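In what follows, a single structure is set out as structure tokens and then discussed.
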Amino acid sequence: MTQSIELRRDPAVQYLLRIADTTLILAQRLGEWCGHAPILEEDIALTNMALDLVGQSRALLTRAGELEGRGHDEDQLAFLRDERDYFNLTLVELPRGDFAFTVLRNLFVAGWARLLWERLCDSGDIEVAAIAGKAVKEVRYHQQHAIDWVVRLADGTDESRHRIEAALAQAWRYTPELFESDAVDEHARQAGLGPRRADLREPWLAEMAAVFAEAGLALPATGGYTSTGSRGVHSEHMGYLLAEMQYLQRAYPGGAW
Amino acid sequence: MTQSIELRRDPAVQYLLRIADTTLILAQRLGEWCGHAPILEEDIALTNMALDLVGQSRALLTRAGELEGRGHDEDQLAFLRDERDYFNLTLVELPRGDFAFTVLRNLFVAGWARLLWERLCDSGDIEVAAIAGKAVKEVRYHQQHAIDWVVRLADGTDESRHRIEAALAQAWRYTPELFESDAVDEHARQAGLGPRRADLREPWLAEMAAVFAEAGLALPATGGYTSTGSRGVHSEHMGYLLAEMQYLQRAYPGGAW
Amino acid sequence: ARLQQRFDERIDAGEFIEAKGWMPEHYRRTLVRQISQHAHSEIVGMLPEGNWIGRAPTLKRKAILLAKVQDEGGHGLYLYAAAETLGTSRDQLLEALHSGQAKYSSIFNYPTLTWADMGTIGWLVDGAAIMNQVPICRCSYAPYARAMVRICREESFHQRQGYEALLTMMQQGSDAQRAMVQDAVNRWWWPSIMMFGPPDDQSPNSAQSMRWGIKRVSNDELRQKFIDAAVEQAQVLGVTLPDPALRWNAEREHWDHGPIDWSEFKRVLAGDGPCNRERLAARVQAWAEGAWVREAALAHARKQAPKEEVA
Amino acid sequence: ARLQQRFDERIDAGEFIEAKGWMPEHYRRTLVRQISQHAHSEIVGMLPEGNWIGRAPTLKRKAILLAKVQDEGGHGLYLYAAAETLGTSRDQLLEALHSGQAKYSSIFNYPTLTWADMGTIGWLVDGAAIMNQVPICRCSYAPYARAMVRICREESFHQRQGYEALLTMMQQGSDAQRAMVQDAVNRWWWPSIMMFGPPDDQSPNSAQSMRWGIKRVSNDELRQKFIDAAVEQAQVLGVTLPDPALRWNAEREHWDHGPIDWSEFKRVLAGDGPCNRERLAARVQAWAEGAWVREAALAHARKQAPKEEVA
């Protein structure tokens, strides 16, 4: 009976899964644009990013499985966990939204991921450092793509500006989670695995401030809500996403693909 | 390993599953309105119909399982079949659409189902006849509800008329399947289980013509396409619907709920 | 002043006030606020439960859930009707909901993340609601009291069904299912006991409502009663309530509980819960997207009216 | 007439025509029609495959599928660019697609119902496309020929990946997976062999296209070549092709096949396939919903232009 796999609770594993799941779930959302983007170049760009993100996720999931030591491969980790055992940022599981929401979310996540990957290049785990070395190049392009579009939409027409502002109002409230640190982060820092999320906060805010200044957008105030996806407590959207993503593995247990 | 159940190929079983699946999948679509209908009364009406349809489906699935003779209960039949083993009309698996599409689809399906249930009251299978006796009363209400709304929307405003016409253009091309007869239908008729679908065509068209006349809508021409859900070949929407509907049974095989 | 005196006498005598009777403006406003808030809670509450209709794990559970949300819609109807007897239309009340002026129960700003949430909402949330609502069946305003009698009857049915669903999973289910139930209870426990509102010494409106016979029992008293019942039910179920300070106090003959995080309560009430925006957005969207339907129905009715006069 | 003669000489000599060279209007129109139809097929073809990105069963397969649809988008780009060298803009071409004037390959009007459809499309549909396209690499219009060289290289890669995916399921998978593959092959076989177009004796435009060196090999010839290859591949795979009349003809040294249901082909081409409306509607909707993005990009570019001149 191939039910969900049982994950060993280990801070290093959870630390890597947070990143691996964040890239995986964002890839899932970006893939939804395929064939539906505003121009063909964006169909290509967004599927290309999804492809990069899946690649990053595969490498990290494999490494997480090794550290976990139960023989779980990338696919068991990607497809056979219970929702509570996914540790992505809540922000990436929110529905695709319109193009403004998509590029704004990419701006937030790519900016965060670039800072993270840069630091992970110096990880004491050399496998992780190698993964980071490749990922950091990819995510720089993702970030630049997002910046270009956010500036363009903020500057473009009344409608595009209205939409980017609406996206901002929606997405901003999920950003505190990007910089929340807990025992998992502490462990990673002390073990030399990687930075605490809190360490990324200042440089991220500075970069966002620069983009927002260029785009003529006001940084929203930070509210009192902190989402909890990285602790395994997700939004209502996650269950639907997983039902779809996991379906074949669930319906054909033990299949060869 | 709880994979999909293996269905015994039997015309009587398939005949009943066509009806049971049609009511089940329509219930699934109507349930999506819960909390999202244009007025509270419609939230209630649509969930109420979904409830009736689930009840009809349960009774028929149970009977189909008995005839199949492999000990499959209503839940195994509802949740553990492969897509190819669902035999609902394609029409009911199409996305929820707007309210106009919903009431127009209800008009088509309830009209069809009422004629069918009326005839099934005389089924040689007394269990089926008993189920039909109850269902026919429920579906009369569903049909009247649909007629009222179609007339209202056709007569209401420019927008509502435009929307009901658009819904008609979309839904009509899936109606030939309602009256296609094959070996399964022939077998049911000869065994005294129930009518061929083709036998419902004339009275259905007459009723629709009356409603359309009242609504001032033109009956569209019938095109060359016949959908094939009742033969187990569905639209691209079905896979998503099943992934959602089956998820818990797939992810927690053998669970008690 | 004569009217006011007469009203006070009726209240003091425990008599009911009917829609047609005179009532002080403040009493009317308080009732409209409370009844509409309750009505809004019913319809907003359809969203977190509606979220699982499509994924119910068996057809029996799907049917039970459909019947439940349908009942909730019905409760919304009675309550809007009760509020309308006080001179405010349903459209006005909905307008206040959509603009964010009117509130609904803050409990619905939490997400429903697993199937076990359905049972847990039945057990704990409906359970708390019933505790709150049973006294309102004796509320001084008769149309509200009558609506509540019917609502309470259905709510206890829902509570039993929710509890029974959890019991099935705990007693006959797999380890994974039991973990799912425990997780749901962990998430819903504190929000449920916050449903009784702030402690009595911080509940400013309570006194006047008690005086008027709109409110009959204090927040803390109801909360205690709920906790006492829930602890026993949790034991039967085999789940742990996520409060390490819970212990039997033989002197008070009640269960003591740990401190409630009222800052969390205020935060969610103020709009910073996990789903505040999504719930309100879903209602506003449903209303906006349904505008053309309501307009069409109205236009049709207007066209029909003269015809019927002729006929 | 001088120009026409010169053009005919070049064609007869097997020389390439470049964008800047003179060409007869009919030659230009034929090319625009064919190239744009091919470009539209690439982007409409992203829809049935995009349908399975979210449900790919392993991360490796998800990555392969993402890379494939990305390539298809790229093919669309080259082909629109090739068509633009003939003086018709991408927007004009898309307008013709959206209004229903321009066609795309009818194969994409069939639904992708299971994961095995992904492999089968790679094997059969891309396989048929390659057979059709390889001769175009020698097409007389050079920009088209150049685009096709690159496209064909990528398509053969896709075909191998598709076949390999099916092989994995057939050789290492469960019975249910093998049944899934067989089912997909049953559904895609006949539509795939119809991709070569009507039989030679009913293909009115072919002669002129052959004469011009736009088309190099006849429909039936290509179809036969495809079937001969596919029969062998099916045997290795262990699937049955759904044509009981398939048998080796030792005299012709080819596989004979049963009669093709051309009425089905015409029906789908005329708009009555399972997904014609949905495919076109999806493209039209993407274009309409993206209008504000394109306008914003344009408005931004216009505002930037003067700034850059100043700088």
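Here are some notes:
- Selection of region A:55-90 for residues being of a type in the set (Asp, Glu), within 9 Å of chain D (Cβ to nearest Cβ) and touching a residue at least 24 places away in the same chain (Cβ under 8 Å) yields only A:75.
- Inspection of region D:242-260 identifies at least one residue that is within 14 Å of another protein chain (Cβ to nearest Cβ), out of contact with any Ser or Thr (no Cβ under 6 Å at 6 or more places or on another chain) and more than 29 Å from residue A:32 (Cβ to Cβ).
- Residue, farthest from residue B:200 (Cα to Cα), within region B:173-185, restricted to residues that are over 15 Å from the mean Cα position of the chain (by Cα) and crowded, with 18+ Cβ neighbours inside 10 Å: B:173
- Candidate set: region A:2-27, residues that are crowded, with 24+ Cβ neighbours inside 10 Å and facing another protein chain (nearest Cβ under 9 Å); chosen: the one nearest to residue A:187 (Cα to Cα): A:24
- Selection of first residues in region C:25-39 that are surrounded by fewer than 18 Cβ atoms within 10 Å (Cβ to Cβ) and of second residues that are polar (S, T, N, Q) and in a helix (DSSP H, G or I), restricted to Cβ pairs under 9 Å at least 6 apart or on distinct chains, gives the following pairs, ordered by first then second residue: C:26/C:208.
- If only residues of region C:136-169 that are touching a residue at least 24 places away in the same chain (Cβ under 8 Å), in a helix (DSSP H, G or I) and of a type in the set (S, T, N, Q) are counted, the one that is farthest from residue C:260 (Cα to Cα) is C:161.
- For region C:193-240, a residue qualifies if it is in a loop (DSSP other than H, G, I, E, B) and among the aromatic types (Phe, Trp, Tyr), and the qualifying residues are C:196, C:212.
- Residue in region C:283-294 that is within 8 Å of another protein chain (Cβ to nearest Cβ), crowded, with 19+ Cβ neighbours inside 10 Å and more than 25 Å from the chain's Cα centre (by Cα) present: yes
- Being in contact (Cβ under 8 Å) with a residue 60 or more places away in the chain, of a type in the set (Val, Ile, Thr) and closer than 28 Å to residue B:244 by Cα is true of residue B:102.
- Residue list for region C:48-92, filter: within 7 Å of chain B (Cβ to nearest Cβ) and more than 25 Å from residue B:238 (Cβ to Cβ): C:67, C:70, C:73, C:74, C:76, C:77
- Residue match in region C:82-93 (condition: surrounded by 18 or more Cβ atoms within 10 Å (Cβ to Cβ) and under 30 Å from residue B:58 (Cα atoms)): no
- Those helices (runs of 4 or more DSSP H) lying entirely in region A:30-107 with at least 2 residues farther than 25 Å from residue A:227 by Cβ and charged (D, E, K, R): A:40-68, A:74-79
- Selection status of residue D:102, outside any helix (DSSP H, G or I) and surrounded by fewer than 19 Cβ atoms within 10 Å (Cβ to Cβ): yes
- Of all the residues in region C:134-146, those that are buried (at least 17 other Cβ atoms within 10 Å of the Cβ) and over 22 Å from residue C:226 (Cβ atoms) number 3.
Per-residue answers, yes or no, for (1) free of Cβ contacts under 8 Å to residues at least 12 places away in the same chain; (2) buried (at least 23 other Cβ atoms within 10 Å of the Cβ); (3) assigned to a helix (DSSP H, G or I); (4) out of contact with any Pro (no Cβ under 7 Å at 6 or more places or on another chain):
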residue	(1), (2), (3), (4)
A:132	no, yes, yes, yes
A:137	yes, no, yes, yes
A:148	yes, no, yes, yes
A:167	no, no, yes, yes
A:187	no, no, yes, no
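- The lone criterion from (1) out of contact with any Pro (no Cβ under 7 Å at 6 or more places or on another chain); (2) at pLDDT below 95; (3) among the small types (Gly, Ala, Ser) left unmet by residue C:67 is number (2).
- The residues listed here are B:223, B:156, B:239; of these, the one that is at pLDDT below 95 and either closer than 28 Å to residue C:290 by Cα or in contact with a Lys or Arg (Cβ under 9 Å, 6 or more places away or on another chain) (or both) is B:223.
- Tallying residues that are free of Cβ contacts under 8 Å to residues at least 24 places away in the same chain, surrounded by fewer than 24 Cβ atoms within 10 Å (Cβ to Cβ) and at the interface with chain D (Cβ under 7 Å from one of its Cβ atoms) within region A:28-54 yields 5.
- With respect to the conditions (1) crowded, with 24+ Cβ neighbours inside 10 Å; (2) farther than 22 Å from residue C:56 by Cα; (3) aliphatic (A, V, I, L, M), residue B:92 lacks only one, and its number is (2).
- Here the condition is being free of Cβ contacts under 8 Å to residues at least 24 places away in the same chain and over 20 Å from the mean Cα position of the chain (by Cα); of C:172, C:233, it holds for C:172 alone.
- Flag if residue C:238 is at pLDDT below 95 and more than 18 Å from residue C:193 (Cα to Cα): no
- Tally, over region B:196-228, of residues that are touching a Phe, Trp or Tyr at 6+ places or on another chain (Cβ under 7 Å), more than 10 Å from every other protein chain (Cβ to nearest Cβ) and crowded, with 18+ Cβ neighbours inside 10 Å: 4
The values are calculated or read from the model by the stated rules, or taken from the named source; none is laboratory data. A quick note: this is a predicted structure, and the numbers were derived from the prediction, not measured. Counting neighbours? That spans all protein chains shown, and the Cβs are built from the backbone with ideal geometry, glycine included.
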